[in-house]
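I have placed the structure first, in the form of structure tokens, so that the comments after it can refer back to it.
The values are calculated or read from the model by the stated rules, or taken from the named source; none is laboratory data. Since the structure is predicted, the reported quantities are computational estimates derived from the model, not experimental observations. Glycine also receives a Cβ, built like all others from the backbone with ideal geometry; neighbour counts cover every protein chain displayed. What goes into the accessible areas is simple: the full protein's heavy atoms, side chains included, and nothing from ligands, DNA or RNA. Shrake-Rupley method; radii C 1.70, N 1.55, O 1.52, S 1.80 Å.
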Amino acid sequence: MTATSDLQRAGAEQADATLHRLNSSETGLTTPEARRRLQEIGPNAITQHGVRVLAVFLRQLGNPLLILLGVATATAFAFGERSDALIILVIVSLSVGLGFINEYRSERAVAELHNRIRHMGLVTRDGKLASIDVTEIVPGDVVTLNVGDIVPADMRLLQVQTLECDEAVLTGESMTRAKTAAATPASDAPLKLPSCAYMGTVVRAGTGRGVVVATGVRTVFGQVAQALGRRPPETGFQRGLRDFSVLLLWVTFALTGSIFVLNTLLGRPLLEAALFSLAVAVGLTPQLLPAIVTISLSVGARRLARRSVVVKRLVSIEDLGNIQVLFTDKTGTLTQGRITFQAALDPTGNPMPEVFSLGLLCNSAAREGDTVVGGNPLDRALWEAAGQAPTGFRRIAEAPFDYDRQLMSVLVEGPDGKRRIISKGAPEAILARCLEVPASAALQLDRLFEAGARVVAVASRGAPGAAAITSADETGLSLEGFLVFEDPLKNDARESLGRLATLGIAVKIVTGDNPRVAVKVCSELGLRVTGTLTGSQLDQMDDRTLDTALPTTTIFARVTPEQKSRIIRLQRAQHTDVAFLGDGVNDAVALHDADVGISVDSATDVAKDAADIVLLDKDLGILADGVVEGRRIFSNTIKYVLMGTSSNFGNMFSAAGASLFLPFLPMTPTQILLNNLLYDISEMTIPTDRVDPELLERPAQWDMGFIRRFMLAFGPISSLFDFLTFGVMLWVFHATPSLFQTGWFVESLATQTLVIFVIRTRRVPFFSSPPGRALAVTSLACVIVGAIIPFSPAAALFGFRPLPLGFFAILAAMVVTYLVLVELGKGIFFARWRRAGSAGAPSDRRVRRISRVRTRWSTPQ
């Protein structure tokens, strides 16, 4: 029997029959039996966060630039030009090898962090509730489900209380589905079983208990995930790289095609024309771009890994660098996230222990021995403060918490046999359901909110003869009092907010707490509050009104999940890159909708699942580090792109032009390839280069228009000095073909390599921004090696001749003049670009990820 048919059978039979068939019971499995089943069946995991060597290697080959190099290699081999083919292979090996080594190291670091992220499930073992890692759940386990949980396995439901599940991950349908514990007729469709809950779906309302029928790849979700595969969606950074590669391919094909045709028409041998055209094509291509990007991302991932930041995909680091607005909850971000119970007060503010007892009765958490399991942080804080549970009470029914009502209720029977409804939740929601509220209660709430306290209101009423409870019963209540909690401010929160401000990131607070509490916290941390909106106010505003209010609003309080999503959507519509930091079930939709979703290890499963990045410590300072890493990576990547496109384009344009009037090739294919190899080796250290602080102050994105203009502006400057070299070699030194080629080889290598010191910074003069030591050493070493080769035994292999010493004096003068001219041009170019208002402007808005396969339950490989 297949896993799917087994689940269908379970849904059609009585729950007791399923328990019997699985050799389980309402009290769950024993620990020894669960261990035996885990060893026999295997972990409840769909994917493993290990590192597959072959997969990492194959990813290095998926770049259009490498396709061009492959064609050039095959052509060179086919025509017997083995030295050319060998040089190209060295270039390819450098690109692929460096990319592989760095990505493999980073994947291992990320995998180790992934295995520190735990998804926990509430399971009954040995008759007691226990919170265990979901990968240890086995068939026969009895699991408790609460709002916000991701269902950890395929389950036959035993008990439900208004349970509704979001099954969009499997069905694509946005509507939640109500669940029942009653047997339902067998269905041919395994996804239409209301008496079953499916792995990967999300509990949106109510509570439930169920027995696990299938785990891991044997679940419906596991089978779908395996069939679909898990190709990650493309990010804006990846799209920018792809668009840039396509631009280069068009330029390369146009220029090399023209060179081949013209050289053929001039009567050059067909093989010579073909090889020269291919060499020019390779010369135009920044072959190490894939490696440069991978090295940059890998270095960033390892730096963040040391700060316990899990980046689900390397390119997400660059996405962090684009953040302009950060929406975040205050709990655990601005505050310590250690919520402790402070006091139980009556409506007038006097201590009242009975309110504390009522809070324990109306509670979603539970205590098993010395351990508190389940529930939200406030409910757990009550149990942690309690000496013992109220005795003599029996819970009959429950109306679980949801974010629309903002409260939960229970029906209990006391020692005297009388039944009573107890409601607990947001003060506004509770007071609205009370028959009358004394004026002292409103004054007391004001004092508590002004002090920055978190407050939960408690109310009750008699319910004689009641056997169930619904939201309709939560009326006519009597206010019993308030439960007061404290969550101290983080010591470093003020400093972290200051760092984000210097990075040009506007921080906005989105909270379910009272607005006055949020204002108090912000004022104490120095975060200027320009405006506050509550959920009820948002309901009265259309999109146009809210869109206008967004820039002047700092705090959004008492908001629902739908309102959070609406805020994010409208903020992004203003052409702003938005990050959202959240950890609750009510944050999942907003995490999906933001450009960058960020969660924490202590978050609910659904929040961690929806996030792009998981912080193992909820710290805005760490987030600021991630933003800086993203911007540093992008800045260094652009250095290589601008340098390569401008100098390569200039040199190859010079080669094309010279080949039209010279009776010989200005540089042989082998020499062009050697030139490119040395140049690329010198640039391998760009990822380690320093970045000017002003370039980290705001985000920057791919702009193909900017890159094209830069190439067309600085490429001709490089060509100008190439043609000066041609004149010097022909008219000063009366060079033979081999001497001419040697002279241009040395000049072109020197100019295109040393220009990095000018292009790497926007500062004028460029020497006010010192380069990284590694970049300086490799660049100068490349130029020296290029000058020495013509005097070495290898000169004959490449067709070089020793150069006259007078050439080097002229070369030094030309290099200095070239760098000065580029420096002047740089100042003019960026001044005009800034005046045009285009510098750093996004040219390609990211398309938000719209599909994610949730395979977060994992085990180490």
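Extending 7 Å from the Cα toward the beta-carbon at both residue 178 and residue 35 defines two label points whose distance is 4.4 nm.
The calculated FRET efficiency for the pair residue 340 and residue 58, based on their C-beta separation and a Förster distance of 60 Å, comes to about 0.70.
Taking the C-alpha atoms only, the angle from helix 3-12 to the longest principal axis of the chain is near 20 degrees.
For the stretch 471-500, the residues whose backbone nitrogen is under 19 Å from a point 7 Å from the Cα of residue 697, taken along Cα to Cβ, are 497-500. When a 1.4 Å probe is rolled over the protein heavy atoms, the share of accessible surface on the stretch 385-432 that falls to carbon and sulfur comes to 48 percent. Check cross-link reach from residue 826 to the lysines: straight Cα distance under 22 Å, and skip same-chain residues fewer than eight apart. Partners within reach: 639. In the context of the full set of protein chains, the chain has a per residue accessible area of 40 Å² (1.4 Å probe).
What's the Cα-based Rg to Rh of the stretch 509-580, Rh via Kirkwood? Walk me through the intermediate numbers first.
Details: Rg = 11.8 Å, Rh = 12.4 Å.
Rounded to two decimals, Rg over Rh is 0.95.
Size descriptors for the stretch 637-744, from the alpha-carbon set: Rg then Dmax equal 16.8, 53 Å.
Axis of helix 773-788 versus longest Cα principal axis of the chain: the two differ by about 20°, to the nearest ten degrees. Computed from label points 7 Å out along Cα-Cβ, the spacing between residue 395 and residue 562 is 2.8 nm. Between residue 731 and residue 661, the contour length at 0.36 nm per residue exceeds the alpha carbon distance by 23.7 nm. Taking each residue as 0.36 nm, the span from residue 168 to residue 271 lengthens on full extension beyond its C-alpha to C-alpha distance by 31.1 nm. The residue 404 and residue 307 beta-carbon pair, evaluated with R₀ = 45 Å, returns a calculated FRET efficiency of approximately 0.75. Dipole magnitude for the chain: computed about the Cα centre from +1 point charges on Lys and Arg Cβ and -1 point charges on Asp and Glu Cβ, it is near 1460 debye. Here Cα Rg over 2.2 N^0.38 Å was computed from the coordinates, and among [x] 1.71; [y] 1.03; [z] 1.17 the match is [z].
Modelled spin labels at residue 489 and residue 443, positioned 7 Å past Cα toward Cβ, are 2.8 nm from each other.
So how do 527, 19 rank on accessible area, 1.4 Å probe, biggest first, that is with the largest at the start? Please report the intermediate quantities before stating the final value.
Numbers: 527 30, 19 10 Å².
The ranking, largest first, comes out as 527, 19.
Relative to the dominant Cα principal axis of the chain, helix 439-450 is inclined by about 30°. Take every DSSP beta bridge whose two residues both sit in the chain, then give the antiparallel share in percent to the nearest 5. Beta bridges within the chain, antiparallel portion: roughly 75 percent. Putting +1 on Lys and Arg Cβ atoms and -1 on Asp and Glu Cβ atoms, find which of 717, 830, 797 reaches farthest to the positive end of the dipole of the chain. So the residue furthest toward the plus end is 797.
Kindly rank 495-508, 256-269, 354-367, 199-212 from highest to lowest mean number of other beta carbons found within 10 Å of each residue. If you can, show how the numbers build up before the last one.
Numbers: 495-508: 17.9, 256-269: 15.1, 354-367: 21.2, 199-212: 24.4.
Packing proxy ranking, top to bottom: 199-212, 354-367, 495-508, 256-269.
Using helices alone, what [θ] at 222 nm do you get for the chain, with -39,500 (n - 2.57) per DSSP H run of 4 or more residues, divided over all residues and rounded to the nearest 500?
Computed mean residue ellipticity for the chain: -15000 deg cm²/dmol.
Annotation: Cα Rg of the stretch 460-517 relative to the compact-globule expectation 2.2 N^0.38 Å equals 2.04.
Which of the pairs 179/424; 179/608; 508/618 have their Cα atoms more than 23 Å apart in this structure? Write down the numbers at each step before the final one.
Values: 179/424 25 Å; 179/608 25 Å; 508/618 16 Å.
Check vs 23 Å cut-off fails for 179/424; 179/608.
The Cα center of the stretch 312-389 and the Cα center of the stretch 703-765 differ in position by 64 Å.
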